[in-house]
Amino acid sequence: MKFSAISLFANALSGHKKWPSQFPNKEPKKEYDVIIIGGGAHGLGAAYYLASKYGIKNVAVLEKGWIGGGNTGRNTTIIRSNYLFDESAALYDHAVDLWDGLSQELNYNVMFSKRGVLMLAHNVHDVQSFQRHVYSNRLNNVDNRWLTPEECKEFCPPLDISSSRRYPVMGGALQMRAGTARHDSVAWGYARAASKLGVDIIQNCEVTGIRRDAFGNVEGVETAKGYLKSKKVGVSAAGNTSVVMEMAGLRFPLESYPLQALVSEPIKPVFPCVVMSNAVHAYISQSDKGELVIGAGTDQYTSYSQRGALHLQEHNLMSICEIFPIFKRMRMLRSWGGVVDVTPDRSPIVGKTPVGGLYVNCGWGTGGFKATPGAANMLAYTIAHNEPHKINAPFNLDRFIGGRLIDEAAAAAVAH
Amino acid sequence: MLLIHCPYCKEKRPEIEFAYAGEAHIVRPDAIAQSEMTDEEWSKFMFIRNNFRGEHAERWWHNAGCNMFFNAIRNTKTDKFVMTYKMGENRPTKTQIEAAKK
């Protein structure tokens, strides 16, 4: 069934009680051409692009819980591509290119809203480093421009730009193409579109082992629903990547940390864009439901528990109240934690592994949501061609041996 | 917030007094070993981590307390500490970890 104004009208007449389910809950077949481990938006997207762009339709996505229940449903939905280095700018801007028009392509409203991301500068160092970012982005054809404090205020009226503040606003870098999207819709949209092309989405199916043949190449995976054959396996398991890779005898340069975020009670539209402040250490936007969506840094210790400590939320909210005193009396509604896989250089790993037939998309750390379509397409391309695309080629695993790190740690919006 | 038993202070203190200091028992090769190491071996020492989902040996620093580093075994699924022990002591064996759980 295609979503359209007509289908919406027809279903309104029957009280919205006759909408069909979006995709079937499949039981696994015995053999697939490609198996994707991890049913988040990255994994579902990879399956969709394999089927739609690269002509491989006998694909299964294995998810140990429910689709989109991991980091896809546990982020702050911010999308931007104003990264410093050429490699990162190309990768993240490719994702933004795909975000554009994703709703039409999937026939599913992912609510991508280009409301702009404003990064505030509070001191001379911020001003210099953000202006450097602006120039570097322009050289890479990534939109980003410098705003004076007055222009910041005009763009985001809740800002207080008076110079008497403890952390005065000295300007900001604005990416207009950036914004937010609805996270669940991204997972559901990809799942529905992939399923329509013949991809099997198998939930509650944890992978417990990876089988390799006499030459060391992948020949299948052991799962909670039995053994499934496949010569190509793509791992897109975010925080659990180290655990899955250990099944293939590989150790990875990853550490998994909890990253928390929280939302306030819903209020009327007050906040038109996304604002990030590295120096005061928080970021904020308002969802279409009206909740303020707030986030900051990771917890200090590694963990797979999907929850973090309360004092981090306190720190986070203190920062928000420092920049936006108008939110001081807001009440917080809920908070959550995801498990983010962080690499030593804070850039992802997308490509081949030392094991034949095993591909990986991991290490997105605290910034994976924005890259969803790009990461998915790059993983799909690499699996289909057995070679990385030129955009994801620099993000290989070998860079940790050769020393060609893509050190974006300093370029993150908020230090983690 | 975690409650962490400092083996030097011999009491449980809140997490804000401590700083996490990464995986434990990663020994830095001495100068001679370093001169003979390949890039692969150096990369393993520098970047590759166990990142266990389960019992994980890690270093903590009581920086707002006694200022000492110590090691701990913590379950990364539940965040519960199994045991903490002083710097320089060997990594606990499986039997020691099981015993500490009781």
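Taking K and R as +1 and D and E as -1, what net charge do the other residues with C-beta under 12 Å from the C-beta of residue A:398 add up to? Every neighbour counted, the sum reads +1. Taking Cα centre as origin and charging only the Cβ of basic (Lys, Arg, +1) and acidic (Asp, Glu, -1) residues, the dipole magnitude of segment B:3-101 rounds to 520 debye.
How high is the FRET efficiency between residue B:40 and residue A:208 when r is their beta carbon distance and R₀ equals 30 Å, given to the nearest 0.05? Once rounded, the FRET efficiency stands at 0.55.
Take A:358, A:139 and order them by how many other Cβ atoms sit within 10 Å, fewest up front.
Fewest-to-most Cβ neighbours within 10 Å comes out as A:139, A:358.
The separation of segment A:189-265 from segment A:40-61, counted between C-alpha centres, amounts to 13 Å. Rounded to the nearest 500, the helix-only mean residue ellipticity at 222 nm of chain A stands at -8500 deg cm²/dmol, with each DSSP H run of n ≥ 4 adding -39,500 (n - 2.57). Counting every pair of alpha carbons in chain A, the share spaced more than 37 Å apart comes to 22 percent.
Projected label points at residue A:386 and residue B:27, each 7 Å from Cα along the beta carbon direction, are separated by 4.2 nanometres.
Applying 0.36 nm per residue to the separation of residue A:11 and residue A:310 and subtracting their alpha-carbon distance, the gain on full extension is 103.2 nm.
The label point for residue A:243 and the one for residue A:125, both projected 7 Å from the Cα toward the Cβ, are 3.8 nm apart.
Remark: segment A:298-416 carries a charge dipole of roughly 380 debye about the Cα centre, counting +1 on each Lys and Arg Cβ and -1 on each Asp and Glu Cβ. According to the Cα-based calculation, Rg over Rh for segment A:127-282 is 1.12, with Rh computed by the Kirkwood formula.
Applying the criteria of a DSSP loop state and at most 15 other Cβ atoms within 10 Å to the trypsin sites (Lys or Arg not before Pro) of segment A:214-298 yields A:225, A:251, A:289. Reported to the nearest whole Å, the Cα centre-to-centre distance from segment B:41-92 to segment A:294-340 is 25.
Other residues lying with their Cβ under 10 Å from the Cβ of residue A:27 contribute a combined charge of +2, Lys and Arg counting +1, Asp and Glu -1. Ordering A:321, B:48, A:148 by Cα displacement along the dipole of the protein assembly as shown toward the positive end leaves A:321 in first place; charges were set at the Cβ atoms of Lys, Arg (+1) and Asp, Glu (-1). In loop segments of segment A:5-43 as defined by DSSP, the trypsin sites (Lys or Arg not before Pro) with at most 11 further C-beta atoms inside 10 Å of their C-beta are A:17, A:18, A:30. The length gained on full extension between residue A:139 and residue A:66, counted as 0.36 nm times the residue separation minus their Cα-Cα distance, comes to 22.1 nm.
Computed log10 I(q)/I(0) for segment B:3-101 at 0.20 Å⁻¹: -1.02, from the Debye equation with unit scatterers placed on every C-alpha and solvent omitted.
Placing unit charges on the Cβ atoms only, positive for Lys and Arg and negative for Asp and Glu, gives the protein assembly as shown a dipole magnitude near 1420 debye about its Cα centre. Looking at this model, which pairs from A:53/A:289; A:30/A:352; A:53/A:114; A:57/B:44 are more than 28 angstrom apart at the alpha-carbon? Beyond 28 Å: A:53/A:289; A:57/B:44. Each other residue within a Cβ distance under 10 Å of residue B:26 adds +1 if Lys or Arg and -1 if Asp or Glu, for a net charge of +3. Filter the trypsin sites (Lys or Arg not before Pro) in segment A:304-367 down to the DSSP loop ones having no more than 14 other Cβ atoms within 10 Å, then list what survives. Filter output for segment A:304-367: A:328, A:329, A:331. Between residue A:160 and residue A:19, the simple label model (points 7 Å from Cα in the Cβ direction) yields a spacing of 4.2 nm. Scattering from segment A:228-284 was approximated by placing one identical point on each alpha carbon and applying the Debye formula without solvent; log10 I(q)/I(0) at 0.15, 0.25 1/Å stands at -0.72, -1.12.
Since every read-out is calculated from the coordinates, none of them should be taken as a lab result. These numbers come from a predicted model, not from an experiment. Glycine also receives a Cβ, built like all others from the backbone with ideal geometry; neighbour counts cover every protein chain displayed.
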